[in-house]
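Contents: one structure, followed by commentary.
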Amino acid sequence: SPFGKREEEATETFELEKRLALERRINEQLAKVEHALEKFEKGTYGLCDICGQPIDPARLEAIPQASLCMSCKAKYEKGKPPAG
């Protein structure tokens with residue numbers, strides 16, 4: 001098929017994009033975990049990075065690397081520009 005090579009290249013490009021996106025997500029998660037460990041060492045783990053109030057223990061149980069309380073997270077997400 002004359003399109004065989006193009007299809008193969010498109011598939012390779014798609015797979016590369018998927019790997020890069022996964023690598024980016026992993027690096028972002030690693031940075032969040034490292035930040036949480038730094039906060040733990042400083043004695044500020046469990047406190048919101050923005051308002052300084054305690055983060056709900058249930059939130060920390062679900063997402064141990066959370067650095068924002070739900071109120072600040074909602075405000076942050078609301079003010080964030082749309083992805084894309």
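The values are calculated or read from the model by the stated rules, or taken from the named source; none is laboratory data. On a predicted model such as this, the values are computed, not experimentally measured, just so you know. FYI the Cβ positions are ideal-geometry reconstructions off the backbone, even for glycines, and counts take in every protein chain you see. Surface areas here come from the heavy atoms of the whole protein model, side chains and all, with no ligands, DNA or RNA. Shrake-Rupley method; radii C 1.70, N 1.55, O 1.52, S 1.80 Å.
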Discussion item. Tally up the residues in segment 25-54 that are under 18 Å from the mean Cα position of the chain (by Cα), open to solvent by 70 Å² or more (accessible area, probe 1.4 Å) and farther than 18 Å from M70 by Cβ, please.
Written reply: 9
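Looking only at residues in segment 2-23 that are in a helix (DSSP H, G or I) and surrounded by fewer than 10 Cβ atoms within 10 Å (Cβ to Cβ), which one is modelled with the highest pLDDT? Full working, then the answer.
Initial filter on segment 2-23 (in a helix (DSSP H, G or I)): 4-23.
From what is left, the residues that are surrounded by fewer than 10 Cβ atoms within 10 Å (Cβ to Cβ) are 4-5.
Values: G4: 72, K5: 80.
Per the criteria, the residue is K5.
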Worksheet item: Quick one: is S67 surrounded by 10 or more Cβ atoms within 10 Å (Cβ to Cβ) and assigned to a loop (DSSP other than H, G, I, E, B)?
Response: yes
Worksheet item: List, please: which pairs have Cβ atoms under 8 Å, are six or more places apart or on different chains, and start with a residue in segment 20-36 that is at positive phi and end with one that is surrounded by fewer than 10 Cβ atoms within 10 Å (Cβ to Cβ)?
Response: none
Worksheet item: Does L37 meet the test of being touching a Gly at 6+ places or on another chain (Cβ under 9 Å) and either closer than 24 Å to A74 by Cα or outside any helix (DSSP H, G or I) (or both)?
Response: no
